[in-house]
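Reading through the structure tokens given below for one structure.
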4 protein chains.
Amino acid sequence: LNAAIKSGKVRAPTHIVSTICDDRGEEPTYAGVPMSTIIEKDYGVGDVISLLWFKRSLPRYCTKFIEMCILLCADHGPAVSGAHNSIVTARAGKDLVSCLVSGLLTIGPRFGGAIDDAARYFKDAHDKKLSPYEFVESMKKKGIRVPGIGHRIKSRDNRDKRVELLQKYARTHFPNVKYMEYAVTVETYTLTKANNLVLNVDGCIGSLFLDLLSSCQMFTAQEITEIIEIGYLNGLFVLARSIGLIGHTFDQKRLKQPLYRHPWEDVLYTKYT
Amino acid sequence: LNAAIKSGKVRAPTHIVSTICDDRGEEPTYAGVPMSTIIEKDYGVGDVISLLWFKRSLPRYCTKFIEMCILLCADHGPAVSGAHNSIVTARAGKDLVSCLVSGLLTIGPRFGGAIDDAARYFKDAHDKKLSPYEFVESMKKKGIRVPGIGHRIKSRDNRDKRVELLQKYARTHFPNVKYMEYAVTVETYTLTKANNLVLNVDGCIGSLFLDLLSSCQMFTAQEITEIIEIGYLNGLFVLARSIGLIGHTFDQKRLKQPLYRHPWEDVLYTKYT
Amino acid sequence: LNAAIKSGKVRAPTHIVSTICDDRGEEPTYAGVPMSTIIEKDYGVGDVISLLWFKRSLPRYCTKFIEMCILLCADHGPAVSGAHNSIVTARAGKDLVSCLVSGLLTIGPRFGGAIDDAARYFKDAHDKKLSPYEFVESMKKKGIRVPGIGHRIKSRDNRDKRVELLQKYARTHFPNVKYMEYAVTVETYTLTKANNLVLNVDGCIGSLFLDLLSSCQMFTAQEITEIIEIGYLNGLFVLARSIGLIGHTFDQKRLKQPLYRHPWEDVLYTKYT
Amino acid sequence: LNAAIKSGKVRAPTHIVSTICDDRGEEPTYAGVPMSTIIEKDYGVGDVISLLWFKRSLPRYCTKFIEMCILLCADHGPAVSGAHNSIVTARAGKDLVSCLVSGLLTIGPRFGGAIDDAARYFKDAHDKKLSPYEFVESMKKKGIRVPGIGHRIKSRDNRDKRVELLQKYARTHFPNVKYMEYAVTVETYTLTKANNLVLNVDGCIGSLFLDLLSSCQMFTAQEITEIIEIGYLNGLFVLARSIGLIGHTFDQKRLKQPLYRHPWEDVLYTKYT
Ligand SMILES: CC(C)(COP(=O)(O)OP(=O)(O)OC[C@H]1O[C@@H](n2cnc3c(N)ncnc32)[C@H](O)[C@@H]1OP(=O)(O)O)[C@@H](O)C(=O)NCCC(=O)NCCS
Ligand SMILES: CC(C)(COP(=O)(O)OP(=O)(O)OC[C@H]1O[C@@H](n2cnc3c(N)ncnc32)[C@H](O)[C@@H]1OP(=O)(O)O)[C@@H](O)C(=O)NCCC(=O)NCCS
Ligand SMILES: CC(C)(COP(=O)(O)OP(=O)(O)OC[C@H]1O[C@@H](n2cnc3c(N)ncnc32)[C@H](O)[C@@H]1OP(=O)(O)O)[C@@H](O)C(=O)NCCC(=O)NCCS
Ligand SMILES: CC(C)(COP(=O)(O)OP(=O)(O)OC[C@H]1O[C@@H](n2cnc3c(N)ncnc32)[C@H](O)[C@@H]1OP(=O)(O)O)[C@@H](O)C(=O)NCCC(=O)NCCS
């Protein structure tokens, strides 16, 4: 068949198209870069993500930032939806993949989804040149909380250290941080409304990722729009949190925890909806 | 290509083999039976399971028994692992499939797995003609609890009504209930050890399924062994409980429940393993 | 703690609310009906779905219709997305739940999602008293194909037998089939545009489910809206197709199929997006 | 309730135990290390994995090796089971998490599972001081292929560059590579049987991970056994490959690929099992 296809006698259109990794040679290539080059050239996890997701070799300041985001989102304790479901599944004696997956499936609009939304709204508002006032008030009219703004504990006088560190890193290494600066002006405005309406980690990552994409000069405007629409930043959160979910699974298995059953007295059984 | 294959000039071995359902004609057939026949002949859910899982049309007393098993396993409240994970995922705002799946992934050795194990052990013990004493004591030596035996609340003098109803149904409609009778002799023996070591619903379904397979005369001995090894009864539990998990998902969505976070005070944060 | 809560000394609001199944007594109840009643009264799968999803006992003509929908959607061959992924996972040697779940996750807007959408659009158009002309043309303007209309093979002169059987059943047993009649007038109009724009199975099920909900007099208008919005019919498809996905998994395991690898020559490796 | 618990009047034992991450303070800590320290001290992904999975700060040569494993396992093209299922799900229009998860569920005994098995068997054989001859021949008797040995293309005279690079890295940076040396003596023996029975990447990673655990002096013998039994290396593969699966999902979405349907002519529909 192969010979027939090659000789052009039989036309067999392929059913799958793929562009990120070629495994047909002696060693796979990631966006054209052979695996052994990746080892020899001392690439990091951020570089491989850059190759497999963005199909290009981003500068080191970008891939380092991607790694920082992974570190910050890797875990947030056993009580959040994702970790909780992984823990329950681990305690039911299931294999690692099932545990991880049961937790991952909780990631979405209410858990983990704020980074992408922050990027979407900040990009839109910035590019339309809305003033912070116009942006925040128009969101209020639509009844949507500004994603990336607000924190339960942190406030104007008790800043989130992680946000400060990310901002410092970006100010030092990024050619340009216009989206982050825009987010800061939004924060300045929301802080006049309430003391805890600070730029939070999600908003900081979301706006800085916009700066990464636009400042490195390696993406067309259309490509950036596509990346934000498809939701690459959600991928970053999903990958990062997988580290934590796998960690919680190992933890429960090591602790030999028994089957979890939610306590009866914590459930309200009712007929009334 | 198709023409070339048909004309025999190019040999293209298929990569997939499948035997249960043919969708190439005007309407799909299940094990050879066209869908419209299924509607016209008033088939039930048990009949379709019979066609798609066992590839034959089992007698009505069998498919009715399959349906009874589905009814009994459809749900067991919101506190068990599966329902709990579905509820948590629903409250994270995820779509129906994600919620269902997050719950299904907890089904396994500790949650829902007793039916298949009961069938495996009862079959083995019965076919080897072990006396109840030999069987139970050999299990004890291996440190394995007899699956299908034991109940937290029910006891000799307070029987489980569902078990009674299933037994009554089978005694009336099955040509032969030798495996169930064997399970009852095991129960008689374990009841001499403790009052609550009754034959439970899982053990009852597991042993009666063996009777179904062997008494209907439509399976070879090898086919029965294969069915028990592959774990078809687990499939029955998984399918049945899907009804409940979907129900819990709809329930939470209708109740508009917010993101679940496990209460901090119910978690022991520790460093010591 | 329970005693303390009951005596009113300690306030412990529950973290989970649930309404469909109570497992605290000797046997679980489904929407208040004890499991043994379900067996004694000869309930079917449709009745249990009625209790666990709709929290009420629907008349037999309704639960029978639910069962017919399950039969029709149970499988559609090995080549569709869901079955294919279950087959690939089974051939990777994974457990039943992983195989089922890997297939279920493909169900969504493009695979299996037409029933709910058909119900949504037909309900909206019918309730707004749009003429078939107004409805179809307004959809065309929005660039949306009318869900539930159109078939690759069937046409005006070669009707789908399943649609005919469902229609006949409903005309005989439902008190009222106004939504289905509306769908038929839409079909009459679309058939003037092209010969194959018939009412398909999805459209038939979607519209008849609207008739079921409105004609049985057991739901308020608001409840019906909620059911259609939440997407209960998708649940019906998901449950039904689980039968097929489990069947395909058993099939591959029985056939002892090896690890699947998609053929290289069917993949176009490219750099150009 | 909290006050009552603290005052000791009400005893509320916790239902969850967790040891890897504490989120109760102002910023989460990973195994006791605050997140801001992780950023300030320039930790990498390997360091965070070290904290969340192994609950200790491993030396840099270890965490760097962990990162190298992630790079090497991140992807292996679109044709393998995992990538294929993610691609099919992406083409069904599903969200990122569903696509990733559908692919992850194929990871197991036949796809991705060789690293853990290689570690298990090499550890056992080495610790029992089996000669390569005894080890390989005893495996043959059991009918098990030595995991970590063998390659379709590579051979004695055409070594896998990645294996060479990993070996070189470990020989330079690890205090001790006794397990890897053992694997090499096994390879020397199997090469006398066939030219392609080389130590492959999986076997190289598996044996070197044993060296990592034993040479860094930070784990007790029992802890190492536990890590190998629980299957931490599978976690490494799962995490690594998530990068690829997410990449394939983005790729298909960017390419706007339509619903996948496996070609009919590639399926053998049959009744014979
Ligand atoms: C993070 C968050 C949940 C903290 O909320 P909180 O401190 O509990 O805030 P409350 O719900 O008590 O709201 C207090 C007031 O601030 C307002 N507010 C809170 N977050 C707001 C936001 N992001 N944008 C605009 N207004 C906001 C509320 O509307 C409320 O105003 P009101 O009293 O006039 O109705 C909240 O700010 C939020 O939802 N932010 C957006 C999502 C996000 O970024 N999440 C990631 C967090 S890391
Ligand atoms: C159902 C079950 C969990 C109830 O357990 P329980 O009433 O809490 O029983 P306990 O754990 O207190 O055990 C009491 C004694 O009975 C014994 N026992 C309990 N179940 C047993 C069984 N299935 N076979 C043999 N001995 C059993 C225990 O070993 C224990 O003996 P010991 O005191 O000498 O050690 C238990 O019987 C069991 O695990 N059964 C097997 C699994 C099964 O069928 N599950 C489905 C239930 S619907
Ligand atoms: C079922 C379906 C895929 C069959 O499509 P098909 O026969 O391949 O139709 P084509 O894509 O060749 O379209 C032929 C023409 O009919 C039109 N058409 C097809 N389905 C239509 C619909 N549901 N509503 C309105 N117009 C439709 C197309 O727009 C096209 O018109 P054009 O040539 O002027 O552009 C298609 O009818 C459809 O998408 N239906 C809606 C979804 C649905 O109900 N799916 C469940 C099927 S069981
Ligand atoms: C990698 C692998 C699939 C390559 O297989 P292959 O080149 O197609 O080998 P074949 O199946 O043609 O086997 C050729 C001979 O080598 C033997 N052989 C292959 N791999 C072997 C191994 N790992 N241990 C011992 N013998 C092996 C076979 O038994 C066969 O011997 P026979 O002809 O006497 O029966 C195979 O070596 C293997 O399964 N290895 C173990 C699993 C593993 O490490 N996988 C990860 C690969 S990166």
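Exactly one residue among D:THR220, D:THR192 is within 25 Å of A:LYS253 (Cβ to Cβ), away from chain A (no Cβ under 12 Å) and free of Cβ contacts under 8 Å to residues at least 24 places away in the same chain, and that residue is D:THR220. Considering each residue of the stretch A:72-89 in turn, none proves to be modelled with pLDDT of 95 or more and farther than 23 Å from B:ARG261 by Cβ.
Just one of the listed residues (C:ASP42, C:ASP47) is more than 7 Å from chain B (Cβ to nearest Cβ) and surrounded by 21 or more Cβ atoms within 10 Å (Cβ to Cβ), and it is C:ASP47. Here B:ASP116 clears all of (1) out of contact with any Pro (no Cβ under 8 Å at 6 or more places or on another chain); (2) facing chain C (nearest Cβ under 9 Å) except the condition numbered (2). Taking each residue of the stretch C:156-181 that is within 14 Å of another protein chain (Cβ to nearest Cβ) and looking for partners that are acidic (Asp, Glu) and in a helix (DSSP H, G or I) with beta-carbon atoms closer than 7 Å, six or more apart or interchain, yields C:LEU165/B:GLU40; C:ALA170/C:ASP211. Of all the residues in the stretch A:20-36, those that are in a loop (DSSP other than H, G, I, E, B) and more than 13 Å from D:LYS161 (Cβ to Cβ) number 5. Which one of C:ALA31, C:ALA74 is in contact (Cβ under 8 Å) with a residue 24 or more places away in the chain and over 18 Å from the mean Cα position of the chain (by Cα)? It is C:ALA31.
The set of residues in the stretch D:243-273 being away from chain A (no Cβ under 11 Å) and either in a strand (DSSP E or B) or open to solvent by less than 50 Å² (accessible area, probe 1.4 Å) (or both) consists of D:VAL267, D:LEU268, D:TYR269, D:THR270. In this entry, C:THR89 passes the filter for residues that are out of contact with any Phe, Trp or Tyr (no Cβ under 6 Å at 6 or more places or on another chain), at the interface with chain D (Cβ under 7 Å from one of its Cβ atoms) and in a helix (DSSP H, G or I). Residues that are open to solvent by less than 10 Å² (accessible area, probe 1.4 Å), more than 16 Å from ligand 1 (Cβ to nearest atom) and more than 18 Å from B:LYS129 (Cα to Cα) do occur in the stretch B:170-177, at least one of them.
Considering the stretch D:59-117, and only residues there that are open to solvent by 10 Å² or more (accessible area, probe 1.4 Å) and within 16 Å of ligand 3 (Cβ to nearest atom), the residue that is farthest from A:SER36 (Cα to Cα) turns out to be D:GLY93. Only a single criterion out of (1) modelled with pLDDT under 95; (2) farther than 21 Å from A:THR63 by Cβ; (3) crowded, with 21+ Cβ neighbours inside 10 Å is not satisfied by D:MET35, namely (2).
Report yes if C:ALA194 is away from ligand 4 (no atom under 16 Å from the Cβ) and either open to solvent by 40 Å² or more (accessible area, probe 1.4 Å) or within 21 Å of C:TYR169 (Cβ to Cβ) (or both), otherwise no. It is false that C:ALA194 is away from ligand 4 (no atom under 16 Å from the Cβ) and either open to solvent by 40 Å² or more (accessible area, probe 1.4 Å) or within 21 Å of C:TYR169 (Cβ to Cβ) (or both). Restricting D:LEU236, D:LEU199, D:LEU210 to those that are more than 8 Å from chain A (Cβ to nearest Cβ), open to solvent by less than 20 Å² (accessible area, probe 1.4 Å) and more than 22 Å from D:LEU58 (Cβ to Cβ) reduces the list to D:LEU199.
Answer with yes or no whether C:LYS94 is basic (Lys, Arg), assigned to a loop (DSSP other than H, G, I, E, B), away from chain B (no Cβ under 11 Å) and more than 16 Å from ligand 1 (Cβ to nearest atom). It is true that C:LYS94 is basic (Lys, Arg), assigned to a loop (DSSP other than H, G, I, E, B), away from chain B (no Cβ under 11 Å) and more than 16 Å from ligand 1 (Cβ to nearest atom). Sub-7 Å Cβ pairs linking a first residue in the stretch B:141-155 that is away from every other protein chain (no Cβ under 14 Å) to a second residue that is within 16 Å of ligand 1 (Cβ to nearest atom) and assigned to a loop (DSSP other than H, G, I, E, B), at least 6 apart or interchain, number zero. The set of residues from the stretch D:128-153 being over 22 Å from the mean Cα position of the chain (by Cα) and either surrounded by 12 or more Cβ atoms within 10 Å (Cβ to Cβ) or within 16 Å of ligand 3 (Cβ to nearest atom) (or both) comprises D:LEU130, D:SER131, D:PRO132, D:TYR133, D:GLU134, D:PHE135, D:VAL136, D:GLU137, D:SER138, D:MET139, D:LYS140. Residues in the stretch A:149-181 that are among the hydroxyl-bearing types (Ser, Thr, Tyr) and out of contact with any Leu (no Cβ under 7 Å at 6 or more places or on another chain): A:SER155, A:TYR169, A:THR172.
Taking the conditions (1) at pLDDT 95 or above; (2) facing chain A (nearest Cβ under 8 Å) in turn, D:ARG24 satisfies each one other than (1). Scanning the stretch B:118-127 for residues being under 18 Å from the mean Cα position of the chain (by Cα) and either aromatic (Phe, Trp, Tyr) or open to solvent by 10 Å² or more (accessible area, probe 1.4 Å) (or both) gives a total of 4.
The values are calculated or read from the model by the stated rules, or taken from the named source; none is laboratory data. The shown structure was predicted, so the numbers you read here are calculated from the model rather than taken from an experiment. In this analysis, Cβ positions are derived from the backbone assuming ideal geometry, glycine residues included, and neighbour counts consider all displayed protein chains. Only protein heavy atoms, including side chains, enter the accessible area calculation; ligands, DNA and RNA are left aside. Shrake-Rupley method; radii C 1.70, N 1.55, O 1.52, S 1.80 Å.
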